[in-house]
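Chemist: Here you go, one structure.
The values are calculated or read from the model by the stated rules, or taken from the named source; none is laboratory data. Source: prediction; values computed, not measured. Counting neighbours? That spans all protein chains shown, and the Cβs are built from the backbone with ideal geometry, glycine included. Areas reflect the complete protein model, heavy atoms only, side chains present, ligands, DNA and RNA absent. Shrake-Rupley method; radii C 1.70, N 1.55, O 1.52, S 1.80 Å.
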Amino acid sequence: MKSIYSVAGALGISAFACGVSAQQSTPAHPTFADDGTAHVPAFDLPPSALSSLEAQTGQKMRAHMPIFVPAPSADIESAREGLEKMLAPQLAAVRGQYPVDVVELTIAGVPTRVVTPTGRPVDPKRVLINLHGGAFSMCATGCALIESIPIAALGGFKVVTVNYRQAPEAQHPAALEDIEKVYRELLKTYAAKHIGLYGCSAGGALTAESAAWMPAHRLPQFGAIGIFGAGAVPFEIGDSAYVAGYIDGTFPPPNPDGTRSEDITRGYFAKADMNDSFISPALHPEVIKQFPPTLIITGTRAMDMSPAIFTNTQLLKAGVHSTLLVGEGMGHCFIMQSKLPEAQDAYALIARFFQENLQ
């Protein structure tokens, strides 16, 4: 990988390292600027006592296992290859836990993988579409399969994971156009009320975008959707992008004005209005009210928590059935870690959610 940045563990810094006396009876307090900006003193954040022992152990291990994330300046092919290699152990783990069959299939000209459970009947009436994560530019294999395998195995579903066009080769709305093609084809076999859609990170954002896009293009709404590791607004909006940048470290915090020094989407939204009704449907009440039953999953240490919470609130205000799961002590897309009890609980909830709502 030609260019990477690394962040080691959660970025808690001891107050003693900052010159605060051990005898000081009261902790340092934040100060506030005239524009409302909070200046937060350094603090230590231990693993949450409410998280699983496995999660707490994993948090301790981060001191010895730095996270490497491809920088947007890295060569795209090197970045893609590096991320797939990094996820290979997680993919091997999930395949060992959940037996499935995977078939590559082109649907309406769009490459997909069809994931079905091994050794049990496949639901003949319902189908799920998965939209993989990867910052709109990567992870067409690792993320796609890690997100699809547990749900197919537990729910008895056929899961069609879409290898949609990504940046830097393509820009918005290329992914939505590919998703629409696959959806139109599936509608020839399945009723819309029996088709579910979900994804994590970029895939979660695309799920929200698709729920706005399909009705606007004269297609029936999905039966139910799952927005995981994302919301129906951009990732940088809200408190959590800043908080998670310092306590989780997977993604650096944005600039004070909400922008980033480097575009992690590699230009996917370069020509787009980030506030329009397709990219940010939660900002448009008339659009969000058309959403189907929605399951939203985030974590208390995830940069996507604010978008997720805001989206849940807007859905409830619009009268849409919405369920919000917030994993205590969990970071961005914690469901990718299949050995975590929190992830396994989420898998069971996801499978049950689609079984109950795709009626």
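Chemist: Quick one: angle between helix 142-155 and the longest Cα principal axis of the chain, in degrees between 0 and 90, rounded to 10, please.
Modeler: With rounding to tens, the tilt is 60 degrees.
Chemist: Shifting gears a bit: Using bins 10 angstrom wide from zero, how does P(r) for the range 227-359 break down, in % of all Cα pairs?
Modeler: For the range 227-359, the pair-distance distribution reads 12, 39, 36, 12, 0.
Chemist: Rounded to the nearest whole Å³, what is the per residue volume of the convex hull around the Cα atoms of the chain?
Modeler: Enclosed volume per residue, from the Cα hull, is 147 Å³.
Chemist: What percentage of the solvent-accessible surface of the chain, computed with a 1.4 Å probe over protein heavy atoms, is contributed by carbon and sulfur atoms?
Modeler: Within the chain, the accessible surface is 57 percent carbon and sulfur.
Chemist: Non-local amide H neighbours of Thr112 (under 5 Å, H modeled in plane, Pro and chain starts lacking H): which ones?
Modeler: Leu105, Thr106, Ile107, Asn163
Chemist: Output the direction-averaged projected area (hull surface divided by four) of the convex hull of the alpha-carbon atoms of the range 169-265, in nm².
Modeler: Mean projected area for the range 169-265: 7.3 nm², to one decimal.
Chemist: Then there is this: Of the candidates Pro293, Pro124, Pro215, which one comes out as most mobile in a Gaussian network treatment of the chain with C-alpha springs shorter than 10 Å?
Modeler: Pro124
Chemist: Any chance you could check the Cα centroid distance between the range 126-203 and the range 255-289 for me, in angstrom?
Modeler: A separation of 20 Å, based on Cα centres.
Chemist: Would you check the accessible area of Phe32, probe 1.4 Å, heavy atoms only, in square angstrom rounded to 10?
Modeler: Number for this one is 140 Å².
Chemist: Roughly how tilted is helix 305-317, in degrees to the nearest 10 and between 0 and 90, from the longest Cα axis of the chain?
Modeler: It is inclined by approximately 50 degrees.
Chemist: Counting other Cβ atoms within 10 Å of each Cβ, which chymotrypsin sites (Phe, Trp or Tyr not before Pro) in the range 88-167 have at most 12 and sit in a DSSP loop?
Modeler: Loop-located and lightly packed - none at all.
Chemist: Top to bottom by accessible area (1.4 Å), largest first, where do Leu91, Leu206 land?
Modeler: Leu91, Leu206
Chemist: Next up: In cubic angstrom, how much convex hull volume per residue do the alpha carbon atoms of the range 102-187 span?
Modeler: 82 Å³
Chemist: May I pose another question? Under a 1.4 Å probe, what is the accessible area of the chain per residue, stated in Å²?
Modeler: Heavy-atom accessible area per residue stands at 44 Å².
Chemist: Using only the alpha-carbon atoms of the range 122-170, report the extent along each of the three principal axes, biggest first, to the nearest angstrom.
Modeler: Here the spans come out as 37, 17, 11 Å, largest first.
Chemist: Could you sort Glu342, Glu177 by accessible area so the largest value comes first, with the probe set to 1.4 Å?
Modeler: Result, largest first: Glu177, Glu342.
Chemist: How far apart, in nm, are the 7 Å Cα→Cβ label points at Thr189 and Ala174?
Modeler: It is 2.7 nm.
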